[in-house]
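Structure first, then comments.
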Amino acid sequence: MTFKVPPSDLVDRLVYANRILYDQGIVDGLGHVSVRHPDQDGVFLLSCNRAPGLVKRQDIVCYDLDGNAVSETTERPYLERFIHSEIYRARPDVVAVVHSHSPSVIPFAITHNPLKPVFHMSGFLGSGSAHFEIREAAGNSDMLIRSAYLGEALAKSLGKHNCVLMRGHGSTVVGTSLEQVVYRAIYAEVNAKLQLAANGLGAISFLNEEEAKLASDMNDGQIPRSWNLWVTRLGQVDIGA
């Protein structure tokens, strides 16, 4: 494979995506976000094994769909890069992926209750979240997606959904752009908080699928407004040379 250097603006946006997810409390020292290489099939960009809030330009590595680095690096990769590689392999429509352990989502993963849209900002959850049970693929394990086999199993559980909950672990969301997947990761957590709060008040009137789709389509046109706010909120950030 003749490696093509990814566009510098995409590298910068991926750095900012990492920083935004940390600033918004979706990731901490762990978690990761990736994006497809726009000019090379079967390649995606992902940081090396770095805390998202510390990621810089020089940390961004290009990987193939087997999880092998195709750009020069001496850094250790994320163990769970197979989350990203196997979803990209299974879902040609997916351009970006976020894996996180955002705390309000975890109760839904461990009780097999789907996230469903409680307000217009989470219309992307219109079909509900999928659920991944790692025991079905690996028996007892450390819960991590540490192989292509487990990544493939996760991708199968995700199916056509935009979000998959991972029992005893966290969640993974997908999107058609880097900005969209960051938005979805943030609002999956917001929706989880609201859904948990509403559970004790009575029956929840969720958005139906048509309402959710209309809301999601509308929100996609507004994502740049939120993205610009999130970037501005970071202030002067050293994203590397």
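The values are calculated or read from the model by the stated rules, or taken from the named source; none is laboratory data. Bear in mind that the values here come from a model prediction, so they are computed numbers and not experimental data. When we count neighbours, we look across all protein chains shown, and the Cβ atoms used for this are built from the backbone with ideal geometry, even at glycine. Side chains are part of the model used for accessible areas, which takes the heavy atoms of the whole protein and leaves out ligands, DNA and RNA. Shrake-Rupley method; radii C 1.70, N 1.55, O 1.52, S 1.80 Å.
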In whole angstrom, how long is each semi-axis of the equivalent ellipsoid of the range 117-241, when you take the square root of 5 times every eigenvalue of its Cα gyration tensor and sort them from largest down? 26, 23, 14
Among SER100, PHE82, PRO7, the residue whose Cα sits farthest towards the positive end of the charge dipole of the chain (+1 at Cβ of Lys and Arg, -1 at Cβ of Asp and Glu, taken about the Cα centre) is SER100
Which values of log₁₀ I(q)/I(0), to two decimal places, follow from the Debye formula for the range 41-92 at q = 0.21, 0.23, 0.27, 0.32 Å⁻¹ with a uniform point scatterer at every Cα? -0.70, -0.82, -1.06, -1.32
Find, to one decimal place in angstroms, the Kirkwood hydrodynamic radius of the range 1-138, where the mean of 1/r is taken over every pair of different Cα atoms and then inverted. 16.1 Å
For ALA130, enumerate residues with amide H under 5 Å from its amide H, sequence gap 5+ or separate chain, H modeled in the peptide plane. CYS163, VAL164, LEU165
Hits among lysines - C-alpha to C-alpha of LYS56 under 25 Å, sequence gap 8 or more where chains match: LYS4
Roughly what angle does helix 178-199 make with the longest principal axis of the chain, taking Cα atoms, 0 to 90 degrees, to the nearest 10? 30 degrees
Non-local amide H neighbours of GLN24 (under 5 Å, H modeled in plane, Pro and chain starts lacking H): which ones? none
Between 0 and 90°, nearest 10: helix 223-234 axis offset from the chain longest Cα axis: 70 degrees
Using alpha carbons only, how many degrees (0 to 90, rounded to 10) separate the axis of helix 209-220 from the longest principal axis of the chain? 40 degrees
Accessible surface of the range 53-166, 1.4 Å probe, proportion on carbon and sulfur as whole %: 51 percent
How large is ³J(HN,Hα), in whole Hz, for each residue of the range 111-125 in order, when computed from phi with the Karplus curve 6.51 cos²θ - 1.76 cosθ + 1.60 and θ = phi - 60°, using x for Gly and Pro? 10, 6, 8, x, 6, 10, x, 9, 8, 4, 5, 10, x, 5, 8
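Mind checking the dipole of the chain: about its Cα centre, +1 per Lys or Arg Cβ, -1 per Asp or Glu Cβ, Debye to the nearest 20?
So the dipole magnitude of the chain works out to roughly 300 debye.
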What are the semi-axes of the equivalent ellipsoid for the chain, taken as the square roots of 5 times the Cα gyration tensor eigenvalues, largest first, in whole Å? 28, 21, 16
Accessible surface, the range 1-100, averaged per residue in Å² (probe 1.4 Å): 43 Å²
